[in-house]
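Read the structure below first, then the notes.
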Amino acid sequence: MYSINEIFYSLQGEGFWSGTPMIFVRFSGCNLKCPFCDTDHSMKMQLSPAALLAMVRDCGGDCRRICLTGGEPALQVDAVLVELLHSAGYTLHIETNGTKDFPEGIDWITVSPKTAVFDDNRADVVLKKADELKLVYTPGCSPALWEDFPAPWHFLQPCSMKNTSEVISFIKAHPLWRLSLQTHKYLDIR
Ligand code: SF4
């Protein structure tokens, strides 16, 4: 059984796939306690693999792209679920803080390390590569620490709408980075 907060259908708001329809499966629970965290990842339901697939099918219509998020989805995502969702025709994305391993086969990995917020080392991140790296930019964080992380795309995301101009200035001075906005908040969608 998986502990789930919510399953819903919307547009990806952040990073490379921004604007793309996805079914979001939000797993409950996280192994970190980030000071800026505004995500409700409390447990609202427990679902078997089959029940989870049924809910995904119910809410997602013709969409065949799932984003496994949280909380920290790597605490729960296992090979059984990856195989089941792939067999049902879904492409799988995961958004992870990178501190826990997860099964092979996920189609797109977004790592959003939080250690840049807490300290100046990458020791807590066990992932060795990703499809995109997305850092939440907070005053005093260390994006430079992550510039050589093996990912084709490096995004910086303001931690709130208030520090967007600071992030834009940083990116203009460090053009490896690209801006990621939480566009779902600007659009007032989920
Ligand atoms: S890793 Fe993400 S979900 Fe977990 S506490 Fe930090 S911001 Fe919240």
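Quick one: count up the residues across the range 25-37 that are more than 8 Å from the ligand (Cβ to nearest atom) and in a loop (DSSP other than H, G, I, E, B).
3
What are the residues in the range 58-75 that are surrounded by 14 or more Cβ atoms within 10 Å (Cβ to Cβ), assigned to a loop (DSSP other than H, G, I, E, B) and away from the ligand (no atom under 13 Å from the Cβ), if any?
Correct list: Cys63, Arg64.
Scan the range 171-178 and tell me whether some residue there is surrounded by fewer than 18 Cβ atoms within 10 Å (Cβ to Cβ), assigned to a loop (DSSP other than H, G, I, E, B), at negative phi and within 19 Å of the chain's Cα centre (by Cα).
Scanning the range 171-178, I find no residue that is surrounded by fewer than 18 Cβ atoms within 10 Å (Cβ to Cβ), assigned to a loop (DSSP other than H, G, I, E, B), at negative phi and within 19 Å of the chain's Cα centre (by Cα), so the answer is no.
Conditions: (1) out of contact with any helix residue (DSSP H, G or I) (no Cβ under 9 Å at 6 or more places or on another chain); (2) within 16 Å of the ligand (Cβ to nearest atom); (3) within 21 Å of Lys114 (Cα to Cα). Lys44 meets all but one. Number of the miss?
(3) is the only condition that Lys44 fails.
Run down Met22, Met55 and say which single residue is more than 27 Å from Pro158 (Cα to Cα) and more than 14 Å from the ligand (Cβ to nearest atom). Write out each step before concluding.
Details: Met22 fails: more than 27 Å from Pro158 (Cα to Cα).
The conditions single out Met55.
Which residue out of Ser10, Ser48 is among the hydroxyl-bearing types (Ser, Thr, Tyr) and more than 23 Å from Tyr186 (Cβ to Cβ)?
Just a single option satisfies the conditions, and that option is Ser48.
Based on what the data block shows, is Phe8 among the aromatic types (Phe, Trp, Tyr) and at pLDDT 95 or above?
In short, yes.
Between Lys134, Lys100, which is in a strand (DSSP E or B) and among the charged types (D, E, K, R)?
Working: Lys100 fails: in a strand (DSSP E or B).
None of the other options fit; the residue is Lys134.
May I ask you to say which residue of Thr96, Thr91 is of a type in the set (Ser, Thr, Tyr) and within 16 Å of the ligand (Cβ to nearest atom)?
Matching residue, one of Thr96, Thr91: Thr96.
The values are calculated or read from the model by the stated rules, or taken from the named source; none is laboratory data. Nothing here was measured: the structure is a model prediction, and the numbers come from that model. Glycine gets a Cβ as well: all are built from the backbone with ideal geometry, and neighbour counts include every protein chain shown.
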